[in-house]
Structures are given as structure tokens and as C-alpha cells.
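Novice: The structure's right below; bear with me while I get my questions together.
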Amino acid sequence: MSRLIIYAALDDAQLGAESAVFDYDLDDEINYDHRVGEPVLIANIGPSYAEAYVGLGKLSGFETLPGFVNAARVEGLVFFPAPIPLAEPKPPRVGVFEISDENFDRIIGEVVDPMRVEEGAPGYEPAISESAFLQQLRREQADRCSFSGVKSDTLEACIIQPLEHGGHWHISNFLLLDAEAAHSFSRFDWSVGPMFEILLNTHAVGRDGIEAASPKGMIDMPYKSVTRLDRAAVNWHRERFFARLS
């Protein structure tokens, strides 16, 4: 599945705005009207600023402004701490286009340097990454909870090692869990072993938790997602799990 991107000639009024409109071609409305509500990357290709990916928002609709100007409206805009240079040739015009999942995920992954950014620091914006991490994990795991292996409509991107305890804001430090599993994971009622086995405090999770755990006895994740996990973060969580048992 592809993602959306708007190439625009940005001006001062658009930069920093939470909601903005961008010029588009009439064919864009025909091609993408059914995708209103999806996340959309914003890239500048105009002369006023560097050609780069600059932000992320949600496509909220297409409209005609006074003077018969066609405009795509984007809400919930969050501009990146620093522009990310374009990785492919710019299109011949402004408007709405498609970008591959792989490129979308790569760009979002560059928004925050997981080894440097601390919570509350300039440029720290969890809403960008948290939303993008959840979307990426849902795609990779087909909406299945890593704890149960069952599809869920209450999925969360649950952080393994919080930033205030030395964790990094990176997808490798997140698990895709349904709300109940995420809550019990945050309480250290269960954890992940060195071979990615599920470790349970049976008293804390109760019969419901025991029955909900994946029958494989392992966290249910694709190989790519498992091998990407931050081992240091998993070790940190497991240590606190065992400390709580003692």
C-alpha cells in the first residue's frame, strides 16, 4: 500500500501552522478524495526554502477557495525539527502524490534521532513518531497483538523502556499491544525473555491473562520486527519484571 505526500511551494504562512491549504491539480481530487483522513507528508519544492520533507499532517479534504483556487486542506500539521533532504527527483508540479510505505517509514524514522533526543527537548514531538510507529507496526503485524497474536481494534504502540528511564524514541523500543496487554506490560505483570518468550507473573495477570497469551509461548511478531527490537530496552524491562517478583 502506498502513502500520501503533498509537494508544495511553501510560504511563511504555511510554515508552523497547524492547518494549511496547498495547491493541487484537479486530477488529484479525483484520485485521492477517497483517502481523506489519511496521514500525509509535506515536502517543499518551492524556491523560498530548501527542497526537503518538512512535516506531517492529515489530509482533511479538497476545497475551492475564492478566485477558483483548488486547495487540499491538511489538519494537525506538525513540522519536523529539521528538514529532511528529498531522496527522489521532485515532481514537475505541486500537488498530491503517492510515496511507497518503505520511503514513508524511512522518512519518519529520520525525524527523531533516537540516540540524542530527550523528552521535553527542543524538537521532541512524540505525536509524530507515536502515530507513525503505530501505523507501521499495524501494517507489519496485520493488526495482531504481539502478546496474544490475535487481531485487535484497541491496539497501542507501547513503549518498552520509557525515555525517563533511559529509553530511546524509536520504533525498536515499542511493542504492538492491545490496550489490556499494554496496561499489564507497563505494570511489569509480564515481560519478554532473552529468546523472546513470554514471561508471566501468573498471580498478576490472572486466568484471563494466562489464556490470552499466545499459545506459541513467544511474542507474536514477524521476523523483521523481532530482530529490530531494542535488546537493551527489553533487558531493562525484564530486570524490572523479575525485581517485582522478588
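The values are calculated or read from the model by the stated rules, or taken from the named source; none is laboratory data. Worth saying up front: this structure is predicted, and the values here are computed from it rather than measured. Neighbour counts are summed over all protein chains in view; Cβ atoms, including those assigned to glycine, are modelled from backbone coordinates with ideal geometry. Accessible surface is based on the protein model in full, side chains and every heavy atom, while ligands, DNA and RNA are left aside. Shrake-Rupley method; radii C 1.70, N 1.55, O 1.52, S 1.80 Å.
Novice: Just to be sure I understand the filter: pairs with C-beta atoms under 6 Å, separated by 6 or more residues or on different chains, first member in region 92-103 and farther than 12 Å from residue 70 by Cβ, second member assigned to a strand (DSSP E or B) and aliphatic (A, V, I, L, M). Which pairs pass?
Specialist: Sorted first by the residue in region 92-103, then by its partner, the pairs are 97/5; 99/5.
Novice: Quick test for you: out of 88, 102, 98, 63, pick the one residue that is open to solvent by 20 Å² or more (accessible area, probe 1.4 Å) and either in a loop (DSSP other than H, G, I, E, B) or of a type in the set (Ser, Thr, Tyr) (or both). So that I can check it myself, show each step before the final result.
Specialist: Numbers: 102 fails: either in a loop (DSSP other than H, G, I, E, B) or of a type in the set (Ser, Thr, Tyr) (or both); 98 fails: either in a loop (DSSP other than H, G, I, E, B) or of a type in the set (Ser, Thr, Tyr) (or both); 63 fails: either in a loop (DSSP other than H, G, I, E, B) or of a type in the set (Ser, Thr, Tyr) (or both).
None of the other options fit; the residue is 88.
Novice: Same structure again: Return yes when residue 204 is open to solvent by less than 20 Å² (accessible area, probe 1.4 Å), at pLDDT below 95, outside any loop (DSSP other than H, G, I, E, B) and of a type outside the set (Lys, Arg) and no when it is not.
Specialist: On the way: open to solvent by less than 20 Å² (accessible area, probe 1.4 Å): no; at pLDDT below 95: yes; outside any loop (DSSP other than H, G, I, E, B): yes; of a type outside the set (Lys, Arg): yes.
No; evaluated as a whole, the condition is false for this residue.
Novice: Continuing with this model, one more query. Please identify the pairs in which a residue from region 33-50 that is under 25 Å from residue 133 (Cβ atoms) has its Cβ atom under 6 Å from the Cβ atom of a residue that is open to solvent by 10 Å² or more (accessible area, probe 1.4 Å) and of a type in the set (Phe, Trp, Tyr), counting only partners at least 6 apart or on another chain.
Specialist: Every condition considered, the pairs that remain are 43/7.
Novice: In contact with a His (Cβ under 8 Å, 6 or more places away or on another chain) and surrounded by 19 or more Cβ atoms within 10 Å (Cβ to Cβ) - does that describe any residue in region 139-160? Please lay out each step first, then the result.
Specialist: Our first condition is that a residue be in contact with a His (Cβ under 8 Å, 6 or more places away or on another chain); within region 139-160, this holds for 160.
Next, only the ones that are surrounded by 19 or more Cβ atoms within 10 Å (Cβ to Cβ) stay: 160.
Yes; the residues of region 139-160 include at least one that is in contact with a His (Cβ under 8 Å, 6 or more places away or on another chain) and surrounded by 19 or more Cβ atoms within 10 Å (Cβ to Cβ).
Novice: Looking only at region 13-67, count every residue that is at pLDDT 90 or above and of a type in the set (Ser, Thr, Tyr) and tell me the total.
Specialist: Summing the residues that are at pLDDT 90 or above and of a type in the set (Ser, Thr, Tyr) in region 13-67 gives 4.
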